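The values are calculated or read from the model by the stated rules, or taken from the named source; none is laboratory data. All figures in this text were calculated on a predicted structure; none of them were measured in a lab. Please note: Cβ atoms are built from the backbone with ideal geometry, for glycine as well, and neighbour counts cover all protein chains shown.
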Amino acid sequence: MKEQMSNIMFVIAGILWGMEVIPQIIKTIKTKSVKDISLPFFIICLSAYCVYFIGAILINNWYLAFSHIPSFIFISIMLLLIFKYRK
């Protein structure tokens, strides 16, 4: 039961981490401006999520691994927008 609860918490945390960038994605799409957005920040975030995902696989915790997929997707979208709207 304790392990099941911790797995649920990992999934919730992963979803929330993924959602953190959604407001920035929406603002970027609306304004088509990435002037004040830090590219290194998003590259570091993407790298961290990849390392976290690989680490979770290595310890065979699929809940933890899959909980970071939304984060990876949304950070990737933001990086694409940065490259698209960069002048």
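Could you tell me whether F66 is assigned to a helix (DSSP H, G or I) and either among the β-branched types (V, I, T) or surrounded by 13 or more Cβ atoms within 10 Å (Cβ to Cβ) (or both)?
yes
Quick one: would you say M1 is surrounded by fewer than 13 Cβ atoms within 10 Å (Cβ to Cβ) and touching a residue at least 12 places away in the same chain (Cβ under 8 Å)?
So M1 fails the test.
Quick test for you: out of I44, I22, I54, pick the one residue that is out of contact with any Cys (no Cβ under 6 Å at 6 or more places or on another chain) and either at positive phi or surrounded by 13 or more Cβ atoms within 10 Å (Cβ to Cβ) (or both).
Matching residue, one of I44, I22, I54: I22.
As an exercise: evaluate I37 against (1) exposed (fewer than 14 other Cβ atoms within 10 Å of the Cβ); (2) assigned to a loop (DSSP other than H, G, I, E, B) and give the number of the one condition it does not meet.
With respect to (1) exposed (fewer than 14 other Cβ atoms within 10 Å of the Cβ); (2) assigned to a loop (DSSP other than H, G, I, E, B), I37 is out only on (1).
Here are the criteria: (1) at pLDDT 90 or above; (2) under 25 Å from K2 (Cβ atoms). Tell me which single one M78 does not satisfy.
(2)
Does I25 fit the bill of being closer than 21 Å to Y85 by Cα, touching a residue at least 12 places away in the same chain (Cβ under 8 Å) and assigned to a helix (DSSP H, G or I)?
yes
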